[in-house]
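Notes follow the structure.
Laboratory data are not the source of any read-out in this text; all were calculated from the coordinates shown. Since the structure is predicted, the reported quantities are computational estimates derived from the model, not experimental observations. Methodologically, a virtual Cβ is constructed for each residue, glycine included, from the backbone with ideal geometry; neighbour enumeration extends over all protein chains shown.
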Amino acid sequence: MKILIKIIYWLLGIVAVLLVVAYLLPRKYSVERIIYIKADKTLIYNLTSNFDKWTLWVPWTKEEDTTAIFEISGPVGQPGATWKWEGKKMGQGEMVATELVPDQLVAYDLSFAQGKYRSKGKIAIIEEDSCKVIWSDEGDLGNNPLNRYMGLFMDRMMGPDFEKGLLKLKELAETRNKWPRIEMTRLPAQLALVVRDSAGPATYSQIMGKAYGEITEFIHASRLKVKGYPFAVYIRWDSTTMFSVMDIGIPVEFANKGKGRIEVVCYPEQKAVKAIYFGPYSKTADAYYALDTYCKESKLEITGGPWEIYVTDPMQEKDSLKWQTDIVFPVK
């Protein structure tokens, strides 16, 4: 019996020491990781301020936990935007955006287990020679002694995920930094003189040059006023043969009839997304890929064939690297 009492006292003593040590441990914890990214700060901000795009770079994905169910709600890129998840491996969690400073800061509240564990996180973007990106999380462990001991392991628990995420963010941002500038826009309502024709890899310049020549000649003969840049709308495209059917046109201020194969077409105003590309016409594939990827990630529904608007006249500017072509996708 005396031995049992000694064991009990011994265990109580250990518990007392552990409790004392627990309350000597820091009440708060902080985890921080830093990376330098050679990309535009706005690009980095766009990838970090929109929870829909976090899945492109954070390690907390469906691949990490196949049972996980994700839900994103609230105003995109604004305080109140919410990202929730629940899975066998990842558990239950929620992230709510609290403060967003364009090109500088994304702050959020993070909670796990129905709010039992809470912390505050932020991603700071500091423009230097490269952009310095600081991802941090800090929390108050309260008076629970077990939580105080858990605080000793927070850096080792969260830090590796921060490192993986930042490395992926760096790869993603530096790749996309080479993309043309992409922006939401509206195609204005416009009247245009249009020729519909088809062409293949070896005949685009010839077919389009002929159509523009006919339209330009008609404009001069009819004393019409041009009201915009030449364009082509791709109606059908065969990715195997590289042949397409397209409407080749020039906007005009007014026209009530065409001539021969020249038709007068009235285009309505349309919501659109635009990539501003500089370079030769033969190298636009990357711009199309970027624009298509942007639409998919932004959940934009493409509603018509792509437009190419030829802002730079190649007859006036001989350096093809300076040729500006606006590639436009009409979207819903």
So what are the ³J(HN,Hα) numbers for region 323-332, from phi and the Karplus equation (6.51, -1.76, 1.60; θ = phi - 60°), rounded to whole Hz, Gly and Pro as x? 6, 9, 10, 8, 9, 10, 10, x, 10, 7
For region 155-245, alpha-carbon Rg over 2.2 N^0.38 Å: 1.88
Helix 2-24 axis, angle to the chain major axis (alpha carbon atoms, nearest 10°): 40 degrees
In region 182-330, with Lys and Arg counted as +1 and Asp and Glu as -1 at Cβ, which of these residues, 240, 320, 204, has the Cα nearest the positive end of the dipole, that is, farthest along it? 204
Mean residue ellipticity (222 nm) of the chain, computed from DSSP H runs ≥ 4 via -39,500 (n - 2.57), nearest 500: -9500 deg cm²/dmol
Lysines within cross-link reach of residue 116: Cα-Cα under 18 Å, excluding same-chain residues under 8 positions apart? 28, 84, 88, 89
Among [x] 62; [y] 50; [z] 57, only one was calculated for this model; which label is it, if the read-out is percent of Cα pairs over 26 Å apart? [x]
Separation in nanometres of the label points that stand 7 Å from Cα toward Cβ, at residue 264 and residue 238: 3.5 nm
As straight-line cross-link partners of residue 296, the qualifying lysines (C-alpha separation under 20 Å, not fewer than 8 residues apart within one chain) are 53, 62, 168, 178, 271, 274, 332
Taking the simple approach of a point 7 Å from Cα along Cα-to-Cβ for both residue 38 and residue 216, what is their distance in nm? 4.1 nm
Residue 63-residue 321 FRET efficiency (beta carbon distance; Förster radius 56 Å; 0.05 resolution): 0.90
Residue by residue, what Karplus-based ³J(HN,Hα) values in Hz, rounded to whole numbers, does region 251-262 have, using 6.51, -1.76 and 1.60 with θ = phi - 60° and x for Gly and Pro? x, 10, 5, 7, 6, 9, 7, x, 7, x, 8, 7
At 1.306 mPa s and 10 °C, Stokes diffusion of region 24-178 via Kirkwood alpha-carbon radius, µm² per second: 98 µm²/s
Just to verify a number: FRET efficiency for residue 299 and residue 99, C-beta to C-beta distance, R0 = 35 Å, to 0.05? 0.90
Please rank 111, 119, 239, fewest neighbouring Cβ atoms within 10 Å first, as an exposure proxy. 239, 111, 119
3J(HN,Hα) from dihedral phi, region 103-115, Karplus parametrisation 6.51/-1.76/1.60, rounded to Hz, x for glycine, proline: 6, 10, 8, 10, 10, 8, 9, 10, 9, 10, 6, 6, x
Which of 60, 284, 165 sits farthest toward the positive end of the charge dipole of the chain, with +1 on the Cβ of Lys and Arg and -1 on the Cβ of Asp and Glu? 60
Please arrange 223, 118 by counting, for each residue, the other beta carbons lying within 10 Å of its beta carbon, fewest first. 223, 118
Give me the distance between the Cα centres of region 202-225 and region 25-79, rounded to whole Å. 50 Å
Alpha-carbon radius of gyration plus Dmax, which is the widest Cα pair, for region 182-330 in Å: 15.3, 47
Please report 167, 191 as a ranked list, fewest other C-beta atoms within 10 angstrom at the top and most at the bottom. 167, 191
As straight-line cross-link partners of residue 257, the qualifying lysines (C-alpha separation under 24 Å, not fewer than 8 residues apart within one chain) are 210, 225, 227
Dipole moment magnitude, nearest 20 debye, region 182-330 about Cα centre, only Lys, Arg, Asp, Glu C-beta charged: 340 debye
